[in-house]
Each structure stands twice: as C-alpha cells, then as structure tokens.
Amino acid sequence: MTELEITQHQQTDVGMIYLGQRGVRGGGPNDKVSEIYIDGHLLMSSVSPLSERRLASSALALHPGTGPLTVMVGGSGLGYTAQAALADPRVEKVVVIEAMDFVIDWMTAGYLPLSEELTSDPRFVLERGDVYGQLLAPPTRKFDLVLVDVDHAPNDRLSPASEPFYSVEGQRRVAQHVPRDGVVGVWSAHDDDPFAAVMAEVYANSQRERVLWEDLEQPEAEPYDNTLFFGVGVSQNDS
C-alpha cells in the first residue's frame, strides 16, 4: 500500500481525526482510496465498504412497505450507507445525522468519494446533530428506518455518552422513532451477544447478519468479520 496523503484533519474530544487518500495496491496512478483515521487507527475505508452498504440494503429488505420510505442514517462516514439506501426506489428521503461540523464540510466541499453523487441528489439531507441524543429523546419526527454506524461496536464506543443506546431501555426509546413496521439497524465491527439479547427483548423480530469481506488489496489476509443487528416491530412485551 502507498503512503497516505492527509488532505483534512481536525482535533476532537475523541482524538485527532484525519481524512486522507492513497494509491491502490496493484492499481493504476489514478486509482485512489479514501480513508478516515482517529489517532492513527483506521476508522473507515473506501477499499471495500460492503458492510456499510449492507446495513442499508438488508434493512430495506426487511421492511414490508412499498414506499415512499424515509431513512435516518446516524453518522455520515464516507457516505456508502446513504448511497445504498438511495439506491432503493422506495426511498423518498435519506436524512444523515452527523455530529461533527467538519465532516459535514468534507461532504459538502467535495472531499469525500461520494460527495458529488450524494449532495446532487435532492433526496439526500445532511443535518448537524447527535444521533444518540436524538434517538434517546422523545421523537419529534419518525422514520421508516433508522440505521446507526458511529461506534466501533456496542462494547467499543467512541464516547461513554452512547452507552445507554445499547441497553434495553435505550432501545425501547429508539423504537419510538419508527412506526410499528419500522426497522432499526446497527453496524458493529464484531459480534456482541449481550446487544443481540437486548434487540431480541425489545423487537418482535430481531436478526443478526454476519458480513465477511476481504481486503481487496490483501486477499491473503484473514477476512474482516462485521455484524449487523436489526430489529423490526416492537415486542408484545413492550406494546
């Protein structure tokens, strides 16, 4: 892999976050990979965003509605979850909630790989906000689907502030933000049995989806093993 060229950076409460580009191993001179790091640790990469896209496509597959559907995406990232949601013809609007002003600036200024595609789509809305704070508070609006990809995992959080989100009481609050046939999806870097139990208690239908994917630049390496958690409908115990 070639050396990362840092294009943007910002100091935050969770560490130094920086955006960079590098060449693709075995690729041509114009092939570029975009990556975001926190204090030197890779947070996300455009090399193979399979699980980020699957968060949206699998959640939409679980939704019985014919549309129009509205989708909340918690965390902008590189934009692949929003892109996958917008690919579904039933989706009327995707609202991305992003806590960091500078990440919003990266998207609107064209620094991210999907900036032009997303910002030119009238169904794409980017809002400044704390997705965990919004979902744990009483709803002021509802979405047909709520998709969250911010923390590394339920037990590997970027901030202690998101801890209540992963509890039974927290998910009961989250469930109030979707209709009775709505879908809640949460991305995780790895599996987590306690959080799966939380989802099973709160939702009438809870599922875990394992997403194995290879680093396309290092096919000889062990594949990544991400987990997607989904909840559909409120359990009878919570109705």
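Just so it is clear, none of the values below were taken in a lab; they were calculated from the coordinates. Predicted model, so just to flag it, every value in this text is computed and none were measured. Cβ coordinates were reconstructed from backbone atoms using ideal geometry, including for glycine residues, and neighbour counts include every protein chain displayed.
Rounding to the nearest 10 and keeping the result within 0 to 90°, find how far the Cα-based axis of helix 193-202 lies from the longest principal axis of the chain.
40 degrees
Going highest first, how would you order 92-104, 114-126 by mean Cβ packing within 10 Å? Walk me through the intermediate numbers first.
On the way: 92-104: 19.2, 114-126: 15.2.
Order by mean packing, descending: 92-104, 114-126.
Taking the radius of gyration and the Kirkwood hydrodynamic radius from Cα positions alone, what is the Rg/Rh ratio for the chain, to two decimal places?
Values: Rg = 17.5 Å, Rh = 18.3 Å.
Rg/Rh for the chain comes to 0.96.
For the chain, take the longest principal axis of its alpha carbons; what is the angle in degrees between that and the long axis of helix 50-62, to the nearest 10 within 0 to 90?
20 degrees
Are there trypsin sites (Lys or Arg not before Pro) in region 13-69 that DSSP puts in a loop and that have at most 16 other Cβ atoms within 10 Å, and which ones?
Numbers: sites: 22, 25, 32, 53, 54; in loops: 25.
Within region 13-69, the qualifying trypsin sites (Lys or Arg not before Pro) (loop, at most 16 other Cβ atoms within 10 Å) are 25.
Could you sort the peptides 6-13, 158-165 by per-residue average Cβ neighbour count (10 Å cutoff), highest mean leading?
Details: 6-13: 12.4, 158-165: 15.5.
Order by mean packing, descending: 158-165, 6-13.
Sort 111, 132, 37 so the one with the fewest other Cβ atoms within 10 Å of its own Cβ comes first. Walk me through the numbers before you get to the answer.
Working: 111 16, 132 24, 37 19.
Listed from fewest to most nearby Cβ atoms, that is 111, 37, 132.
If the only charges are +1 at each Lys and Arg Cβ and -1 at each Asp and Glu Cβ, what is the size of the charge dipole of the chain around the Cα centre, to the nearest 20 debye?
Numbers: 17 positive and 36 negative charges, 184 e Å.
For this selection, approximately 880 debye.
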